[in-house]
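> This is the structure I want to talk about, given as structure tokens.
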Amino acid sequence: MKIGIIGAGPAGISCAYQLAQKNIEVDLYEADSVVGGMAKTIELWNQKVDLGPHRFFSSDPRVNQLWLDVIGDDYEMVNRLTRIYYKNKFFYYPLKPFDVLSKLSYLGILKGILSYGKEKLFPTEQDGTFETWVIKRFGQYLFDCFFKTYTEKLWGISCAELDADFAAQRIKKLSMYEAVKTSLVGNRNHKHRTLLDQFAYPKHGTGEIYYKMAECIQKNKGRIFLSTPVLKVIKKGNTAVAIETIDSRIKFYDHIVSTMPISDVVGGFSDVPPEVSEATKTLRYRNTILVYLRVKQALYFPDNWLYIHSPDLLMGRLTNFKNWVPAICNGQSDTILALEYWCFDSDSLWTMDDDKLIHMANLEMEKTGLLGNGKISDGYVRRIHRSYPVYYKGYKSRLKKIEDYLDTIKNLTLIGRNGTFKYNNQDHSILMGILAAENIAAGKAHNLWDINTDYEYQEKYAVTETGFKTQRDCNNT
Ligand SMILES: Cc1cc2nc3c(=O)[nH]c(=O)nc-3n(C[C@H](O)[C@H](O)[C@H](O)COP(=O)(O)OP(=O)(O)OC[C@H]3O[C@@H](n4cnc5c(N)ncnc54)[C@H](O)[C@@H]3O)c2cc1C
């Protein structure tokens, strides 16, 4: 068998890695000049940084096993501290009720309690949106303070237009009751992923995993074509047969795995039913602009990253790479920060000059007061096109039409964040890669559209300092 794989991000490269280990012939095409996709690590000012914060976590034993097989001992456990920065104060995230109470004004506390009480007595009717989902669990006041601004910065649409799926996948069972219980008795059962306070991180950055996978693929005679964008998948009737690269080269395969955006795959076919074509045109993606700032001397805010909820700041998240693992800082005393901005293609921010973006980021950092005596000496901009699939209310039924259509095409598998239009973390994309490889190599029939982005919250397995442990093992140590 000869397999063509499009995209060397976590999904595509994990699939190629698994297939190459079984001595199946694989060709991996990557548009960029390096592997890793959005989870790559780059060299900057003599240090290593990720594209924004990249914490690996999975509750799936297959994903953890693969991650450990690849990284070996070359990782460290990092204590997670990620707080919300709101109106010059820091609030723990996930929210801790006593922390919130101690930092809100008396009026704020009263409003919080009253609006939460109102939800208990007269719950807000659920209309499938993020807004009503959160209000029902936390009340209007806490929603306004701690969910609305950040969520709308990230997605660029009102919380009343955002599908509740986003909440279900990211903050699932977290409720006021759980938060109070956790504050009082701790999180001994590690029930919710969002409440975890440690994660495993490769010593040389998150992308190290994918660089190591690339080496193994090549050792196993797999071929990786970097800087080789794929134009389209070619099909004959209802069977995918070949890949055409941007320079018009065509290569035939027995099976094609694609992680390029689902809309580009469908857009490359000439005989798509009109309703599928229409549905495809409704899919929207959000972009990320990362502005890295080099600060002379170390900055002592201790978070791995901060969620910036303050409405007067445009940035949405602020990463401090000093607080990850020492090796990525390479003995340098400077601190590298990454400020994240989100926008659509049509927003002026997306095409703003790098210098202007850096200037804006400088001003925003000064406004936070987090710089102390630190002086910004340099800036660097990195744009990630289509970094987030936007879960507009009702997107699921439109996506389903596209999935059903793609299921009629033989020898074609779509996986990955943009490949399936799912808000995947690395672990979901790795799992998709593993299962796609099993379908191809072992004739399994995993339904890859169904890889449930909820599964991470079930929290059964985790990578710990001493390797791979089940939840029971974790509780016993
Ligand atoms: C700012 C930010 C922070 C994040 N934080 C975390 C985190 O803390 N933890 C976590 O687990 N995940 C995090 N993620 C998500 C993580 O980056 C993704 O889940 C993961 O990278 C998805 O892998 P993928 O292979 O599905 O897609 P991608 O990483 O997007 O890889 C797809 C690859 O396909 C290539 N490609 C696309 N089109 C073509 C084409 N036509 N021809 C050839 N190649 C093509 C792309 O260049 C890319 O390399 C974060 C993402 C962002 C943007």
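> What is the spin-label model distance, in nm, from residue 298 to residue 423 if the labels are put 7 Å beyond Cα along the C-beta direction?
3.5 nm
> Another one. What residues qualify as long-range amide H neighbours of residue 203, i.e. H under 5 Å apart, gap of 5 or more or another chain, H built at 1.01 Å from N?
75, 76
> Same structure again: Please tell me which of these pairs span more than 32 angstrom C-alpha to C-alpha: 251/444; 2/400; 232/356; 87/396?
From 251/444; 2/400; 232/356; 87/396, over 32 Å: 232/356; 87/396.
> Hey, quick one: spin label on residue 246, modelled 7 Å out along Cα-Cβ, who in the stretch 207-225 has an amide N within reach, i.e. under 20 Å?
Of the residues in the stretch 207-225, 224-225 have backbone N under 20 Å from the label point off residue 246.
> How much length would be gained if the chain were fully extended between residue 125 and residue 383, taking 0.36 nm per residue of separation minus their Cα-Cα distance, in nm to one decimal?
Full extension from residue 125 to residue 383 adds 89.0 nm.
> Hey, another quick one. Normalised by the number of residues in the chain, what is the relative contact order in percent for Cα pairs under 8 Å and 6+ residues apart?
Contact order relative to length: 26 percent.
> First select every other residue whose beta carbon is under 13 angstrom from the beta carbon of residue 149; then total the charges, Lys and Arg +1, Asp and Glu -1.
The answer is 0.
> Once you place label points 7 Å from the Cα toward the Cβ at residue 110 and residue 281, how far apart are they in nm?
Reported label-point gap for residue 110 and residue 281 is 5.4 nm.
> Let me ask something additional. Explain nothing, just the number: relative contact order of the stretch 285-389, from Cα pairs under 8 Å at least 6 residues apart, as a whole percent.
Relative contact order for the stretch 285-389 comes out at 48 percent.
> Report the chymotrypsin sites (Phe, Trp or Tyr not before Pro) located in the stretch 327-392 that are in a DSSP loop and have at most 15 other Cβ atoms inside 10 Å of their Cβ, or state none.
Qualifying residues, ordered by number: 344.
> Further, regarding this structure: If amide H atoms are built 1.01 Å from N in the plane of the peptide, which residues on other chains or at least 5 residues away come under 5 Å of the amide H of residue 198?
Under 5 Å from the amide H of residue 198: 80.
> With label points built 7 Å along Cα→Cβ from the Cα atoms of residue 158 and residue 447, find their separation and express it in nm.
Label-label distance for residue 158 and residue 447, simple model: 3.5 nm.
> Taking amide H positions as placed in the peptide plane 1.01 Å from N, state which residues far from residue 129 in sequence (5 or more) or on other chains have amide H under 5 Å from it.
Counting only residues 5 or more places away or on other chains, the set is 164.
> Just name one of 41, 106, 64: the one whose Cα is farthest towards the positive end of the charge dipole of the chain (beta-carbon charges, Lys/Arg +1, Asp/Glu -1).
Positive-end residue among those listed: 106.
> For the stretch 268-301 and the stretch 198-219, what is the separation of their Cα centres, given in Å?
The two parts, judged by their Cα centres, are 24 Å apart.
> Given the chain, what percent of its DSSP beta bridges are antiparallel, to the nearest 5?
Roughly 75 percent of the DSSP beta bridges within the chain come out antiparallel.
> Return the calculated 222 nm mean residue ellipticity for the chain, to the nearest 500 deg cm²/dmol, obtained by summing -39500 (n - 2.57) across DSSP H runs with n ≥ 4 and dividing by the residue count.
Computed ellipticity for the chain at 222 nm equals -10000 deg cm²/dmol.
> Find how much the distance from residue 271 to residue 77 grows on full extension, using 0.36 nm per residue of separation minus their present alpha carbon separation; answer in nm with one decimal.
Full extension from residue 271 to residue 77 adds 64.8 nm.
> List the lysines whose Cα lies under 20 Å from the Cα of residue 296, skipping any in the same chain that are fewer than 8 positions away.
Once the sequence-local lysines are set aside, what remains near residue 296 is 48, 322, 367, 375.
> Another question, then. Please give the length that would be gained between residue 353 and residue 87 if that part of the chain were fully extended, namely 0.36 nm times their separation in residues minus their C-alpha to C-alpha distance (nm, one decimal).
Gain in length upon complete extension: 92.9 nm.
> While we're here: Which FRET efficiency, nearest 0.05, do residue 198 and residue 34 yield, Cβ-Cβ r, R0 22 Å?
0.15
> Would you kindly calculate the mean projected area, averaged across all directions, of the convex hull enclosing the Cα atoms of the chain, in square nanometres?
Average of the hull's projected areas for the chain equals 23.0 nm².
> Which loop-located GluC sites (Glu not before Pro) does the stretch 222-304 contain, where loop means any DSSP state but H, G, I, E or B and the Cβ has at most 11 other Cβ atoms within 10 Å?
none
> Distance between Cα centroids, the stretch 12-33 to the stretch 66-105: provide it in whole Å.
The two parts, judged by their Cα centres, are 34 Å apart.
> Right, something else. Checking the a/c ratio against 1.5 first, then a/b against b/c, what shape does the Cα gyration tensor give for the stretch 285-389?
Since a/c reaches 1.5 and a/b is larger than b/c, the shape of the stretch 285-389 is classed as prolate.
Bear in mind that the values in this text are calculations on the coordinates, not laboratory data. Only a predicted model underlies this, so the values are computations on that prediction, with no experimental measurement involved. Methodologically, a virtual Cβ is constructed for each residue, glycine included, from the backbone with ideal geometry; neighbour enumeration extends over all protein chains shown.
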